[in-house]
Amino acid sequence: MQLTINRQTYSITEDQEIRMLVWVLRDQLGLTGTKYGCGAGICGSCTVLVDGKPTRSCLTPAATVADKEITTIEGLGIIQDGGEEILHPVQQAFLETQTPQCGYCMSGQMITAAALLDDNPAPAEEDIIAGMNDVYCRCGTYVRIKEAVARAAEIIAEESSNG
Amino acid sequence: MAKEKVKRKISRREFLIAVGVAGGGLLLGTKVGLPFARLKVAELFDSGAAPGGMDADATAWFLITPDNTVKLFIPKSEMGQGVHTALAQIAAEELEIEWQQLEVVQAGTGQGLDDGFGTGASNSVSTMYQPLREAAATMRQMLRIEAARILDISPNALTAQNCQFISSSDKSITYGEIAEQTQTWEIPETTPSLKSKRDFRFIGESAPRVDLREKILGKATFGYDRRLPDMLYGATARPPKIGSTLKSAQPGEAASRTGVVKIVIEDDFAGVVAETREQAYGAANALSLEWDTPKIWQQADIDALVTVGQGKGIQIQKEGDPEKSFAKAPIIEAEYRTPMAFHAHLEPQSATVDVKPDRVDVWAATQFPVRLREFVAKAINRKEEEVFVTPTFLGGGFGRKIGTEAAVEAARFSAAVGRPVHIGWTRPEDFHNGFLRPPTHHTFRGALDGKKIAALDHQQASGAVAFPFLPGAFKAILGADFGAWRGARINYHIPNKGTTAWLPELPLATGWWRGLGLLANTFALESFIDEMAFAAGVDPLEFRLSHLSADEIGKRRRDVLETAAEKAGWGTPLPAGHALGIATSTDVNTVVAQVAEISVTSDEIRVHKVTSAVDPGMVINPDGASAQIQGSIIMGLSSTLVEEVYVEDGQLAADNFNRYPLLRMAQAPEIDVILLESGDQPFGMGEPPIGPIAAAVANAVFSLTGQRLRSLPLKFT
């Protein structure tokens, strides 16, 4: 079976297919940016994009995403040929607003925010809250996450107006 | 006593210098003990010093590399509180280097000087501030002497800037070049003079966090992420009920499972090492186990134990004679309760351990590497000197990661298989096998004399916080658990006041939680102060202001109360259906006041805005301090509105977030932070701002509805 993760193709053996995606990513492929938090689809730390939709990788068997495009935090930005990383506007905004504290939930937060902005590039505050409400942050950075998502929307708008 | 450390100089014998490390560098360290007085422990702990009986050494050290980078080795764990950044700012200030020339390295045990205290009690910055500045200034002076020697110029003719020395005659030499060209170093007899506050470039500025770039890239290594070649996964069998002990264990069906490498059965421990995580967990569930469970506990049993008057009460505060006043005036009485709570750090317990014949390496999300080293050594019967613990980033700590049981389990497994073993607990394991914030019960009696409090008595019962982690002899001296009563003593200027702490023995483990007893005790005490204000017919802000002491701390409390009230619009018209509540607390000498603006719809409390004025002494990083205040308010509000766990049929009722929800973004208020700096010494920031929030909200609810809610989480019954 093959998985397409961050625009790269990975072959995985049959015994991996029944595993939840979070463990295939982390333990098999070494993509540890995706975090385990509850294993029950509640906290959102394990969120990845599957065909652009935020998906809880702790409840997603690998076999069910074989023919889909998976994006994890490691693939949110773009790595240029020289190795230089260009941050996704969401990453740039989370950095600018100094949002993460411990950082553990942040992959899930940023992946969720990226999907939100993909759907709605100019969200109102209520849209941000509705879109981000299902991802827990125990350090209590909600105020800054709100600011960061709004800032990411601005960056996206600036980028598109610059062509 | 606590002040002594400020004046103490680094003496020759306290230096650690190694030349030739990392290709010709200079390694310089400092180790400064924090003095303490056992009998004065209550006052000391209140003022932010470490409690006696714990080694409170402050350590950090530098390495200059030939490419002119200064590496700052910090044994303190980074769990989101920004400690690596704050300490880097302090070091950079005296070193005269640029931000990008400094690299923070997480130090492990055995890599230099050990940090005997661990990371907690909001004291990393307060204990390190002066020693780190002195160490950095001393190193700069040592570099200056050698620069002068190499350049053949007077030391006074050199100016330090940008990680180099330059002279008026345009000669220059980088720190890296100096380190490379120096064989022996001259240690100054006295600490060079430190920079004055007005010349600060880093301290007091919102420097960007040094750990965030790797965190937003998903590259930061947490305990759950540490990987080694040839690594296996472990899973441990768990007691089914509170108090269950392992009676017998057999491999059973686990032995024939795919991927199982070894079944480990020791006296009180059974588990499985396997090729994958799922195989380990599947096999651990298939072990044939018998447990002894002496009693099936219910919440009512716990509540009965945690009741004022049960067990032994120790008076921890007494001024005047409250009983005399109670005999003369009508007594106002009330009782309060707070529930047990999880830490709910999103990264469950985790560690990777590699037990080899000559050494044992431990990587763990831990707040206390030195203590963990001791536990690991003991569990696998190795010498402590052979065990090396390196903290990873912590996916939240909040006190829970002072205990790092996952690492001890991984060590047992790794010792059994001779390969590295990773342990990452599941959420249910983490909820059911840790220690909790203890449940509390409070009774108050108060008496008024006109519009002032004549007497106030606080009786407080709480499960243990610090005692489970302290040696027995020390507990005997203390009597009362300083963690459990943190925040319980009455700071107001009241002629007759007393506080008594009752410490029941509980069947389940309780311990450190952000702020220790601060949130529970402040909720109860500051709610009751509000009750007294209402009884006296005085505005709650005025009432508090009229009971402040005339000294320095009284003035600081007045400043935060007045500032928070003013910024929150205290006494001005509010939107219809809104009300304000105020509360204050003092912890590690940091004073905090918070005003909550709330409304209630269909019995649901909505917190719209929290205004928080904080005086933490000197502020190292305003943006970082602000983040800690925001985070404390959200975590405290989660306890105020939603969090509680109780015992049901012998086990904690919640084993995941479906039965233990946390506060979500939609419930998060707007937060207005006002930092009021005072003095030249930073106190603490990680915990103090969690103090007032629950009481501020409860007081606002009373103001709006006339209902006094006396238990957490706040609910209309």
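The values are calculated or read from the model by the stated rules, or taken from the named source; none is laboratory data. As the structure is a computational prediction, the values presented were derived from the model and not from experiment. With ideal geometry, Cβ positions are generated from the backbone for all residues, glycine too; neighbour counts draw on all protein chains shown.
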inquiry  = For segment B:230-278, give me the residue count where each residue is surrounded by fewer than 14 Cβ atoms within 10 Å (Cβ to Cβ), over 30 Å from B:TRP297 (Cβ atoms) and touching a residue at least 40 places away in the same chain (Cβ under 8 Å).
reply    = 1
request  = Only one of these is among the charged types (D, E, K, R), assigned by TED's automatic domain parsing to the domain that holds B:VAL273 and in contact with a Phe, Trp or Tyr (Cβ under 7 Å, 6 or more places away or on another chain): B:ARG412, B:ARG419. Name it.
outcome  = B:ARG412
message = Restricting to segment B:100-123, give me the number of residues that are farther than 20 Å from A:PRO100 by Cα and either part of a helix (DSSP H, G or I) or not aliphatic (A, V, I, L, M) (or both).
response = 13
message = Anything in segment A:77-91 that is of a type outside the set (Gly, Ala, Ser) and either free of Cβ contacts under 8 Å to residues at least 24 places away in the same chain or farther than 23 Å from A:ASN133 by Cβ (or both)? List them, or say none.
response = A:ILE78, A:ILE79, A:GLN80, A:ASP81, A:GLU84, A:GLU85, A:ILE86, A:LEU87, A:GLN91
ask   = Here are some residues: A:LYS53, A:LYS35. Which one is of a type outside the set (Phe, Trp, Tyr), modelled with pLDDT of 95 or more, outside the structural domain of A:SER107 (by TED's automatic domain parsing) and over 25 Å from B:GLY282 (Cα atoms)?
value = A:LYS53
ask   = Is it the case that A:CYS105 is over 23 Å from A:THR55 (Cβ atoms) and crowded, with 24+ Cβ neighbours inside 10 Å?
value = no
message = Just checking, does segment B:80-103 include any residue being modelled with pLDDT under 90, under 22 Å from the mean Cα position of the chain (by Cα) and in the same structural domain as B:ASP199 (by TED's automatic domain parsing)?
response = no
ask   = Of all strands (runs of 3 or more DSSP E) completely enclosed by segment B:404-520, which ones contain at least 2 residues that are within 21 Å of B:GLU644 (Cβ to Cβ)?
value = B:440-449, B:452-462
query = Looking at segment A:139-147, is at least one residue surrounded by fewer than 19 Cβ atoms within 10 Å (Cβ to Cβ) and either within 8 Å of another protein chain (Cβ to nearest Cβ) or not in a loop (DSSP other than H, G, I, E, B) (or both)?
reply = yes
Residues within segment B:660-700 that are touching a strand residue (DSSP E or B) at 6+ places or on another chain (Cβ under 9 Å) and not in a loop (DSSP other than H, G, I, E, B), tallied = 19
note = Of the residues in segment B:462-483 that are in contact with a helix residue (DSSP H, G or I) (Cβ under 8 Å, 6 or more places away or on another chain) and free of Cβ contacts under 8 Å to residues at least 60 places away in the same chain, the one that is surrounded by the fewest Cβ atoms within 10 Å (Cβ to Cβ) is B:LYS475
inquiry  = Test of understanding: among A:GLY39, A:GLY52, which residue is in contact with a strand residue (DSSP E or B) (Cβ under 9 Å, 6 or more places away or on another chain), closer than 17 Å to A:TYR136 by Cα and not hydroxyl-bearing (Ser, Thr, Tyr)?
reply    = A:GLY39
query = Which members of segment B:327-360 meet the condition of being out of contact with any strand residue (DSSP E or B) (no Cβ under 6 Å at 6 or more places or on another chain), away from every other protein chain (no Cβ under 14 Å) and under 24 Å from B:PHE375 (Cα atoms)?
reply = B:VAL355, B:LYS356, B:PRO357, B:ASP358, B:ARG359
